Ligand code: DGL
């Protein structure tokens, strides 16, 4: 009885804002029978420029809202919160399965990179903490990893300036020196989009980095990791279940719906977004 109640429960997903909707999009596609509750802490975005202490506090509060709603598994769909706060969250939420996006992103990079020359881009906090370097080194000790903070990409993505000359100029400024020379065996061969806002900038980034660089993000591998845990723990929704999605934000449902639609790949109405207080 308890098991069936748990299987019917939703999966909780949180991010500092709308970026995590790129992860929710992959989760919905891979797990159509599951229901999701997504929380975007839009009132306090960005997390990426804030201290470890503050991001950990925010992440705990966001997780608590979802735990209180009875979710069966928690996905931290924010690289900054995954990199900074994930190690401390189990103490706070107990034994609930917890999936961050850094480990799946590192796994995707190790798989995609031919000769282990990997660049990771993310927020200041994600890059400063070195979580991706450690996660990649555990899987591929031979890999050489360079991290670069690209905070302006968050604003570009939120503004919807995802492609075109402005996005490319900013990408060139941040990343031009990492573009490999053709045939250079020491050149970067994989770029990890280590921020959930960045997948919407993929085309501009691909043009700047050139054809020898494979771009990877965490969304797909996170969805696979979640599917695996649901199976292992006996928590997968029954096959006939029809999934649904509840959207929560801590500020601005209208903006969440407008900007978030591009990240989720679905039209969103402001009245479909519930305002919550942490
Ligand atoms: N979603 C955040 C991340 O993946 C980026 C935005 C922020 O700085 O809060 O790191």
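Residues in the stretch 203-232 that are out of contact with any helix residue (DSSP H, G or I) (no Cβ under 9 Å at 6 or more places or on another chain) and either part of a strand (DSSP E or B) or over 17 Å from residue 104 (Cβ atoms) (or both): 4 in all.
Only one entry in 95, 149, 108, 137 is more than 14 Å from the chain's Cα centre (by Cα) and under 23 Å from residue 185 (Cβ atoms), namely 137.
State whether one or more residues within the stretch 30-43 are part of a helix (DSSP H, G or I) and under 21 Å from residue 261 (Cβ atoms). Yes, there is a match, as at least one residue in the stretch 30-43 is part of a helix (DSSP H, G or I) and under 21 Å from residue 261 (Cβ atoms).
Of 145, 120, all but one fail to be at pLDDT 95 or above, under 21 Å from residue 202 (Cα atoms), away from the ligand (no atom under 14 Å from the Cβ) and touching a strand residue (DSSP E or B) at 6+ places or on another chain (Cβ under 9 Å); the exception is 145. Per the listing 177, 189, the residue uniquely within 29 Å of residue 129 (Cα to Cα) and over 22 Å from the mean Cα position of the chain (by Cα) is 177.
Selection within the stretch 27-44: residues that are within 16 Å of the ligand (Cβ to nearest atom) and surrounded by fewer than 24 Cβ atoms within 10 Å (Cβ to Cβ). The member of this set that is farthest from residue 274 (Cα to Cα) is 44. Each residue in the stretch 44-82 was checked for being part of a helix (DSSP H, G or I), touching a helix residue (DSSP H, G or I) at 6+ places or on another chain (Cβ under 8 Å) and under 19 Å from residue 223 (Cβ atoms), and 3 of them qualify. If only residues of the stretch 200-211 that are modelled with pLDDT of 95 or more and within 16 Å of the ligand (Cβ to nearest atom) are counted, the one that is farthest from the chain's Cα centre (by Cα) is 205.
Per-residue answers, yes or no, for (1) more than 10 Å from the ligand (Cβ to nearest atom); (2) at pLDDT below 95:
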site	(1), (2)
25	yes, no
48	no, yes
79	no, no
110	yes, no
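Residue under question is residue 167, and the condition is that it be over 18 Å from residue 215 (Cβ atoms), part of a helix (DSSP H, G or I) and either within 11 Å of the ligand (Cβ to nearest atom) or at pLDDT 95 or above (or both); does it hold? Walk me through it before giving the result.
Numbers: over 18 Å from residue 215 (Cβ atoms): no; part of a helix (DSSP H, G or I): yes; either within 11 Å of the ligand (Cβ to nearest atom) or at pLDDT 95 or above (or both): yes.
Spelling it out, it is not the case that residue 167 is over 18 Å from residue 215 (Cβ atoms), part of a helix (DSSP H, G or I) and either within 11 Å of the ligand (Cβ to nearest atom) or at pLDDT 95 or above (or both).
Within the stretch 9-23, the residues that satisfy the criterion of being in a loop (DSSP other than H, G, I, E, B) and within 12 Å of the ligand (Cβ to nearest atom) are 16, 17, 18, 19, 20.
So in the stretch 81-100, with the set limited to residues that are more than 18 Å from residue 137 (Cβ to Cβ) and within 12 Å of the ligand (Cβ to nearest atom), which one is surrounded by the most Cβ atoms within 10 Å (Cβ to Cβ)? Break it down into steps so the answer makes sense when it comes.
Quick first cut of the stretch 81-100, residues more than 18 Å from residue 137 (Cβ to Cβ) only: 81, 84-85, 88-99.
With within 12 Å of the ligand (Cβ to nearest atom) added as a condition, the list becomes 81, 84-85.
Values: 81: 31, 84: 29, 85: 26.
Here the residue is 81.
Of all the residues in the stretch 120-155, those that are surrounded by fewer than 24 Cβ atoms within 10 Å (Cβ to Cβ) and under 19 Å from residue 180 (Cβ atoms) number 8. Please enumerate the residues belonging to the stretch 180-199 that are part of a loop (DSSP other than H, G, I, E, B), within 28 Å of residue 81 (Cα to Cα) and more than 16 Å from the ligand (Cβ to nearest atom). Answer for the stretch 180-199, where residues must be part of a loop (DSSP other than H, G, I, E, B), within 28 Å of residue 81 (Cα to Cα) and more than 16 Å from the ligand (Cβ to nearest atom): 188, 189.
The values are calculated or read from the model by the stated rules, or taken from the named source; none is laboratory data. Note that the structure is predicted; figures quoted are calculated from it, not measured. Positions of Cβ are backbone-derived with ideal geometry, glycine not excepted, and every protein chain shown enters the neighbour counts.
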